[in-house]
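> Let me begin by handing over the structure; questions about it come next.
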Amino acid sequence: MCGIVGYIGEKEALPIIINGLKRLEYRGYDSAGVSLIDGKSKIYKCKGRVADLETHIQNKDKSGKIGIGHTRWATHGEPNDINAHPHMSGNGHFIIIHNGIIENYARLKKRLQDSGYHFKSETDTEVLANLIEYIYLKGKVDAEVAIRLALTKVIGAYGLVVICTNEPDQLIAARKGSPMVIGIGNNEYLIASDATPIVEHTNSVIYLHDDDIAVIKKGELTLKTIRNEILTPQIQTIDLDIGDIEKNNFKHFMLKEIFEQPRSILDTFRGRITNDFTEIHLGGLFDVLPQLIKAKRIIIIGCGTSWHAGLVGEYLIEEFARIPVEVEYASEFRYRNPIICKDDVVIAVSQSGETADTLAAIRQAKKNGVLVLGICNVVGSSIPRETDAGVYTHAGPEIGVASTKAFTAQVTVLTMVALLIGKEKKILDEEKFTGLVNELINVPEKIEKILKQNDKFKTIAGLYKDAMNFIYLGRGYLFPVALEGALKLKEISYIHAEGYPAAEMKQGPIALIDENMPVVVIATKDNSYDKIVTNIQEVKARKGIVIAVVSQGDTVIKDLADHILEVPETNVILAPLLTVVPLQLLSYHIAVMRGCNVDQPRNLAKSVTVE
Ligand code: G6P
């Protein structure tokens, strides 16, 4: 979490930094701050968003061609002006911005206090600033050496940029666990937590690896490890279009991303399916396919929405590949000493590729020597780099904190993986395989039809925007969709919502149902259709309000439910891709009508790079 931007070059740094911070605000928005160097250094910071910072600095001296900026997601210390970054060391020699958590900060802080340091903030970052300064003054070393030595004493995660006020012609950046990218422009460098602030200036970038440190001066970059080994920078070209990270004509990124789904799903399978639908090619899995096919068990790990996509993957892989699948929250997997056998394959699912728990779970699995695959959206992020092989989702940048198009892209990839294994194992015959692939190809067009009903979804949203609670029910492939629908609603509208397998309703949640309880039932035509119709009757018998997602033309549920949201018919295995869309729009409209900040919901961040 937290967004970092640094600039060194020939232009005024502030507008570039502010613009970059706005692009990174999805990473956290509890406070924002900048430091600019123009002979002397200045620090401006305040609680709130980047827009609040802009107001705060309106009449201040904003000059400087070197600078750093930060947008914070609070970990240590409440969101306020003092805990906002940048932090300055006690004697003013160092200014630092940091993303991550210094786990041994309490011990380091105690030692520094014993050596006479006083702390202004409650942050772990100020401890790091003072540790660097302590080493700098005690050891009489230069800034780079002090930073390297300090980082060897740190346990935890960091992406950071440091200014030394005595060496004001350089920025020093370092990474361990938290992402850092350096953009190489024309006589200028940009540093950021991801490529989005960089892309409008240059598409040549260097991704820092763990334990890398970069010393950046105007027109000069030195890359080394914190053990002082010189590295050769690997410059990569990123393929990111500025239009992809703008809202265009949409009111919110979330809405834009919901509407992008026909294209993002198409982009995810484009080029991977042959024209005659007889084959699926996933280049990233080519070398490991024999091992994947022979897997005795597949363990899917992820967090949040990615975990929900993993659940859909479980149904798909068990059905078509007949390989047992377990889906685990990465945070549980990593701490519970799981049994991992040599023929297991682990698949990590992540939009950002930077989620700390998912990364830690990957490392745990790798220690056990099993094949670890990644399904990721952000190209070049940590998870694709740390896994043995994998598949990118190609959904394009997802900026809204609530995941939408990343979910459908992840499900698309998992569908292709399941069908591919099923075909290779000859569980799926040619005809069935081709039929299902053909259905998948039709999904984008069917989503277009769902999106056309947006106004209807909005009207229904208006009726229930003041509800206190919602229940979401689904069976089989649609149970994970119920979970995802409930998550979407609670994270952006702050309405309490629960997702359940429809049959489980009778084991408890039914006690909650009365005339004030909206129950969203995902009930498209499949082999448990009759059962879910019964569940709807059970809700109606308790006077609950039923909002049902149904297959187009359904007349049975139409007569039972209070409202129906229709989606085109498809094979049940693809129903998650269609049925989730009305739920995304329902949540979106409810949140907007409740005056919530849809793209940046309170307390959340898009990329959870802390445990
Ligand atoms: C956060 C985001 C969710 C996301 C989850 C996992 O909680 O708000 O939208 O699903 O992290 O993130 P990942 O990048 O690993 O998919």
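> So how many residues does the stretch 86-104 have that are under 20 Å from Glu611 (Cβ atoms) and open to solvent by less than 60 Å² (accessible area, probe 1.4 Å)?
Summing the residues that are under 20 Å from Glu611 (Cβ atoms) and open to solvent by less than 60 Å² (accessible area, probe 1.4 Å) in the stretch 86-104 gives 6.
> Does any residue in the stretch 48-77 that is closer than 20 Å to Gln600 by Cα come within less than 8 Å, Cβ to Cβ, of a residue that is part of a strand (DSSP E or B) and among the hydroxyl-bearing types (Ser, Thr, Tyr) six or more places away or on a different chain, and which pairs are these?
Partner pairs satisfying both residue conditions: Gly48/Ser31; Arg49/Thr71; Val50/Thr71; Leu53/Tyr44; Gly69/Ser35; Thr71/Ser31; Arg72/Ser31; Ala74/Ser31.
> A further question on this structure: Taking the stretch 13-35, which residues are free of Cβ contacts under 8 Å to residues at least 60 places away in the same chain and either within 24 Å of Ala402 (Cβ to Cβ) or part of a strand (DSSP E or B) (or both)?
Lys22, Asp30, Ser31, Ala32, Val34, listed by residue number.
> From Gly435, Gly462, Gly474, grab the single residue that is crowded, with 24+ Cβ neighbours inside 10 Å and away from the ligand (no atom under 16 Å from the Cβ).
Criteria check complete, one pass: Gly474.
> Residues to consider are Val598, Val580, Val610; find the one that is closer than 27 Å to Asp526 by Cβ, within 16 Å of the ligand (Cβ to nearest atom) and not in a strand (DSSP E or B).
Exactly one residue qualifies, and that residue is Val580.
> A further question follows. For the stretch 258-277, what are the residues that are among the hydrophobic types (A, V, I, L, M, F, W, C) and either in a loop (DSSP other than H, G, I, E, B) or under 29 Å from Val598 (Cβ atoms) (or both)?
Correct list: Ile258, Phe259, Ile265, Leu266, Phe269, Phe277.
> Does the stretch 490-500 include one or more residues that are within 18 Å of Gly313 (Cβ to Cβ) and open to solvent by 20 Å² or more (accessible area, probe 1.4 Å)?
No.
> Condition first: within 15 Å of Leu473 (Cα to Cα) and either without any contact (Cβ under 8 Å) to a residue 24 or more places away in the chain or of a type in the set (Phe, Trp, Tyr) (or both). Now tell me which residues in the stretch 510-561 satisfy that.
Ala511, Tyr529, Asp530, Thr534, Gln537, Lys540
> Among the numbered criteria (1) outside any loop (DSSP other than H, G, I, E, B); (2) open to solvent by 30 Å² or more (accessible area, probe 1.4 Å), which one does Leu255 miss?
(2)
> Need at least 1 residues that are of a type in the set (Lys, Arg) per element, so show me which strands (runs of 3 or more DSSP E) inside the stretch 513-574 make the cut, counting only ones lying wholly within it.
Correct list: empty, since no element meets the threshold.
> Now for a separate question. Looking at (1) buried (at least 24 other Cβ atoms within 10 Å of the Cβ); (2) under 24 Å from Ala295 (Cα atoms), can you tell me which one Cys341 breaks?
All conditions are met except number (1).
> Any idea which residue in the stretch 367-404 is surrounded by the most Cβ atoms within 10 Å (Cβ to Cβ), counting only those that are assigned to a helix (DSSP H, G or I) and away from the ligand (no atom under 11 Å from the Cβ)?
Checking each candidate, the answer is Pro384.
> Give the residues of the stretch 187-213 that are under 13 Å from Tyr7 (Cα atoms) and in contact (Cβ under 8 Å) with a residue 40 or more places away in the chain, sorted by residue number.
Scanning the stretch 187-213 gives Asn187, Glu188, Tyr189, Leu190, Ile191, Ala192, Ser193, Pro197, Ile198, His201.
> So for the stretch 329-345 (the condition being assigned to a helix (DSSP H, G or I) and either more than 25 Å from the chain's Cα centre (by Cα) or more than 13 Å from the ligand (Cβ to nearest atom) (or both)), does at least one residue qualify?
Yes, some residue in the stretch 329-345 is assigned to a helix (DSSP H, G or I) and either more than 25 Å from the chain's Cα centre (by Cα) or more than 13 Å from the ligand (Cβ to nearest atom) (or both).
> Then there is this: What do you reckon, is Ile163 of a type outside the set (Ser, Thr, Tyr), assigned to a strand (DSSP E or B), open to solvent by less than 10 Å² (accessible area, probe 1.4 Å) and within 30 Å of Gly396 (Cα to Cα)?
Considered against the rule, which asks whether it is of a type outside the set (Ser, Thr, Tyr), assigned to a strand (DSSP E or B), open to solvent by less than 10 Å² (accessible area, probe 1.4 Å) and within 30 Å of Gly396 (Cα to Cα), Ile163 comes out as no.
> Kindly indicate the residue of the stretch 113-132 that is surrounded by 23 or more Cβ atoms within 10 Å (Cβ to Cβ) and touching a Leu at 6+ places or on another chain (Cβ under 9 Å) and also nearest to Ile163 (Cα to Cα) among those meeting that condition.
Ile132
> Could you tell me whether Ala418 is of a type in the set (A, V, I, L, M, F, W, C) and within 16 Å of the ligand (Cβ to nearest atom)?
It is false that Ala418 is of a type in the set (A, V, I, L, M, F, W, C) and within 16 Å of the ligand (Cβ to nearest atom).
> Here's something else I'd like to know. For the structure I just gave you, tell me whether Glu431 is touching a residue at least 60 places away in the same chain (Cβ under 8 Å) and part of a helix (DSSP H, G or I).
In short, no.
> I've got another one for you. Looking only at the stretch 449-494, filter to residues that are among the polar types (S, T, N, Q) and in a helix (DSSP H, G or I); which one of those is farthest from Met254 (Cα to Cα)?
My answer is Thr459.
The values are calculated or read from the model by the stated rules, or taken from the named source; none is laboratory data. Since the structure is predicted, the reported quantities are computational estimates derived from the model, not experimental observations. Quick reminder, even Gly has a Cβ in these numbers, built from the backbone with ideal geometry, and neighbours come from all protein chains shown. Heavy atoms of the whole protein, side chains included, go into the accessibility calculation; ligands, DNA and RNA do not. Shrake-Rupley method; radii C 1.70, N 1.55, O 1.52, S 1.80 Å.
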